[in-house]
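Single-structure report; data block below.
The values are calculated or read from the model by the stated rules, or taken from the named source; none is laboratory data. Predicted model only: the values in this text are computed from it and were never measured. Glycine gets a Cβ as well: all are built from the backbone with ideal geometry, and neighbour counts include every protein chain shown. Protein only, heavy atoms only, side chains kept; ligands, DNA and RNA dropped before computing areas. Shrake-Rupley method; radii C 1.70, N 1.55, O 1.52, S 1.80 Å.
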Amino acid sequence: MFPLGSGLFAVLGKKEALDEKSYVADFACIITVYKEKDIAWPLVRALLKQDHPSFKVYLVADGIDEDFEAKVQDQRLKIFQPRPFLNSKVASIALALEKMDHGHSHVVIFDPDNLVPAHFLRVIDRYHANGFQAVQGKRIAKNTEGTYAALDALGEYYYDFAVRNVPYLLGSSSTIAGSGMSLEIGLYRENIAGEMQVLEEKGVVVAEDKSLQLQLVERGIRIAYAGAAVLFDEKITAATQIGRQRGRWLNSFFGQLPASLRLLGKGLVSLDWNRIYFALMVAMPPMVILVGISGLMALLALWVNVSYFFLLVGCMVLFALGFLTLLAFNHSPPEVLRAIPKIPLFVWGQLSGMLHIRKANKDFMATTHQEITEIEPLWAKRKEEFSYLENWWK
């Protein structure tokens, strides 16, 4: 009942208003590429078209044998090709932080398959100008064609509202999506230094975004959600990709669960709403585990007390209703909603992902990308979907 109740309170509650202020941020936009030499250039071109006055783009091309040819020439773009290979997103980010120009006030992290319209940095800056040290943009599906892309997009639309927009509207913190987030550079340098120690000790960092968000909230920092800062993220297109990706995500959930519970304890002791709500939200099991265990408990209840069976089934129905309601609140497009009957296909892939949980402790299991497109045709096709946000872009 937690997602449905939270969603309704967020929608019906008072919305937070931001003051109009002048630009305050000088952005360092970091893109980390691993083995795929062509995937990032559409994002580079999209970033260089931003209507914000102060930013530079830093592209780290790791794991590529041949010389990395620059397909874009611009003084605002710097390319780093590490030798020997770093084989780590965290190490690539640390390299960019070390070698970037001085004077940047904030860092924005991008995956190479992302795309952003021209307003992205301008909207993010408005939140920083209103005092937020950390901001997460609206990460949404870039590709929705095909069964598995639509199913993956379905989850993105749900989580974008349930764990980013809702907690922010309720006065807590948005979760960090791993890309499309902006932080004060000092905070991020401190976090990455700690993650580099973990990398040296364990050889891999699986969930740097999850540990970052817990650290920020524990320090009393509220992570804002910039719902008008649209960022497109590529969704998987084949069943074989589900297990690897979800295995990494499940590993990160269980790895960060003790820290989430400790944060909850600190929040209860200090009566800090930001910590309490955020910890409860991130400690809630992934949907496949939550629904699966609830179903097993409902079957067990038939032999224990049949009234418990009806209570559990009723709660599962409310959960499904909340899932559909939050999709509607987030203006999910029809082609994504049409994938709902095919959810069992995705669940099966997620179950296979459990077999990869332990593997993620030794292998980052990077996802390959195939959808290469420019921002102009994508934005022309999808802009109407976000028409309810257009006042932010004027």
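Taking 0.36 nm per residue of sequence separation and removing the Cα-Cα distance, the MET297/ILE64 pair yields an extension gain of 79.0 nm. Between VAL230 and LYS138, the built amide H atoms are under 5 Å apart, and every one of these is 5 or more places off in sequence or on another chain. Taking Cα atoms, how many degrees apart are the long axis of helix 120-129 and the longest axis of the chain, rounded to 10 and kept between 0 and 90? The angle comes out near 80 degrees.
Using the Karplus relation 6.51 cos²θ - 1.76 cosθ + 1.60 with θ = phi - 60°, the per-residue 3J(HN,Hα) values for the stretch 179-195 come to 8, x, 10, 10, 9, 4, 5, x, 4, 6, 4, 5, 5, 5, 4, x, 5 Hz, with x marking Gly and Pro. Round to the nearest 10 and give me the degree value, 0 to 90, for the angle of helix 273-283's Cα axis relative to the longest principal axis of the chain. That helix lies at roughly 80 degrees to the long axis. For the chain, the per residue solvent-accessible surface stands at 46 Å², with DNA, RNA and ligands left out and a 1.4 Å probe. Of the heavy-atom accessible surface of the chain (probe 1.4 angstrom), what whole percent is carbon and sulfur? Carbon plus sulfur share of accessible area: 60 percent.
Separation of the stretch 147-212 and the stretch 275-324, taken as the distance between their Cα centroids, equals 25 angstrom.
Subtracting the Cα-Cα distance from 0.36 nm times the residue separation, let me have the gained length for MET284 to LYS202 in nm, one decimal.
Working it through step by step, the gained length comes to 26.9 nm.
Comparing GLY63, GLY227, GLY186 in a Gaussian network model of the chain, where Cα atoms under 10 Å apart are tied by springs, the biggest mean-square fluctuation is seen for GLY186.
Think of it as helices only: each DSSP H run of n ≥ 4 in the chain is worth -39500 (n - 2.57), and spread over all residues that comes to -15500 deg cm²/dmol at 222 nm. Heavy-atom accessible area with a 1.4 Å probe sorts ILE289, ILE236, largest first, into ILE289, ILE236.
Each Lys or Arg adds one and each Asp or Glu subtracts one; over the other residues with Cβ under 9 Å from the Cβ of LYS37, this totals -3. Using a probe of 1.4 Å, the accessible surface attributed to TRP392 totals some 70 Å² when neighbouring protein chains are kept in position.
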